[in-house]
Amino acid sequence: MQLLDIGANLTHESFRHDFDAVLQRARAHGVARLMVTGASRDGSTHALALAKAHPGVLYATAGVHPHHAIDYDDATDALLRELAAQPEVRAVGETGLDYNRNYSPRDVQLQVFERQLQIAVEVQKPLFLHQRDAHHDFVALLRRYRDKIPGAVVHCFTDTGEALRDYLALDCHIGITGWICDERRGTHLRELVKEIPVNRLMIETDAPYLLPRTVRPQPSHRRNEPMFLRHICEEIARDRGEPAELTAAHTTATAEAFFGLR
């Protein structure tokens with residue numbers, strides 16, 4: 001089983017003390033390649049550095065998460081354009097809208113999201129997207145740019161069936177995390193994951209966040225890491241009624257095509 005984690009926050013400080021061991025455990029559990037998420041100016045620079053240090057294993061995205069939109073300025077925009085042009089950077093993002101926390105004002109989030117959509121158009125790389133409690137505004141803005149961008153994945157999808165169908169109608173890919181393993185808030189995904197076409201489904205850990213609640217035994221530190229992608233794959237396979245090996249093969253092939261890793 002060869003897996004590709006499309007979203008791991010490996011720049012997070014919790015990985016600093018055992019980074020190499022984290023990669024080794026991932027490899028031992030079939031996770032051969034990972035996309036390191038860039039979610040801020042400094043984080044995107046760090047993600048690229050990690051990708052350069054681990055060629056063929058780590059790749060990067062470059063973007064500013066809506067939580068940090070308030071810090072986005074012209075210098076940030078220029079830096080993201082430089083980063084996005086690098087061959088190790090395979091997508092623009094994490095970018096989008098988050099009306100759940102509103103760490104940045106909504107009007108600022110919209111402006112910054114659009115600026116990053118424009119970067120994706122310029123460099124012709126796909127989008128790595130975040131959306132929470134902002135579906136209407138998110139879809140409206142994405143729809144204006146979708147036909148100018150080679151691809152888009154709605155990362156860590158947790159929304160409704162209506163939202164899922166809107167994204168699929170826009171020819172978006174869908175990223176599923178261990179949220180599907182959460183009996184308190186993710187059970188609806190076990191049905192919705194059946195609706196995702198085989199060539200639109202990708203899987204991710206979003207490590208160190210969203211440790212799957214069905215992992216046994218639960219690690220004492222509660223940190224999620226890429227090795228648990230195999231567990232997520234097996235859960236999704238069960239929900240889709242197919243062998244885990246088939247889910248692994250299809251999601252990996254889809255991710256390879258999406259990020260241009262073939």
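The values are calculated or read from the model by the stated rules, or taken from the named source; none is laboratory data. All figures in this text were calculated on a predicted structure; none of them were measured in a lab. Note that each Cβ is placed from the backbone with ideal geometry, even for glycine, and that neighbours are counted across all protein chains shown. The area values use the complete protein model at the heavy-atom level, side chains included, leaving out ligands, DNA and RNA. Shrake-Rupley method; radii C 1.70, N 1.55, O 1.52, S 1.80 Å.
Quick notes
- Selection from Pro55, Pro243, Ala253 lying farthest towards where the dipole of the chain points positive, charges on Cβ: Pro243
- Over the chain, accessible surface divided per residue gives 42 Å², non-protein components excluded, 1.4 Å probe.
- Computed about its Cα centre, the charge dipole of the stretch 3-228 is approximately 620 debye, with only Lys, Arg, Asp and Glu carrying charge at their Cβ.
- Probe 1.4 Å - accessible area at Lys194, Å² to nearest ten: 100 Å²
- At most 15 other Cβ within 10 Å, DSSP loop - trypsin sites (Lys or Arg not before Pro), the stretch 38-117: Arg101
- Under a 5 Å amide H cut-off, with hydrogens placed 1.01 Å from N, Ala91 pairs with Ala62 among residues at least 5 apart or on other chains.
- Normalised contact order of the chain, rounded percent, pairs of Cα under 8 Å and 6 or more residues apart: 20 percent
- Among 206-213, 71-78, the order from most to least packed when residues are scored by Cβ within 10 Å on average: 206-213, 71-78
- Peptide ranges 57-65, 218-226 listed from the most packed, as the mean C-beta count within 10 angstrom indicates: 57-65, 218-226
- Projecting the Cα atoms of Ser40, Ile180, Ile149 onto the charge dipole of the stretch 3-228 (Cβ charges, centred on the Cα centre) puts Ile180 farthest toward the positive pole.
- Summary of the geometry: the stretch 32-83 and the stretch 172-221, compared by the centres of their Cα atoms, lie 23 Å apart.
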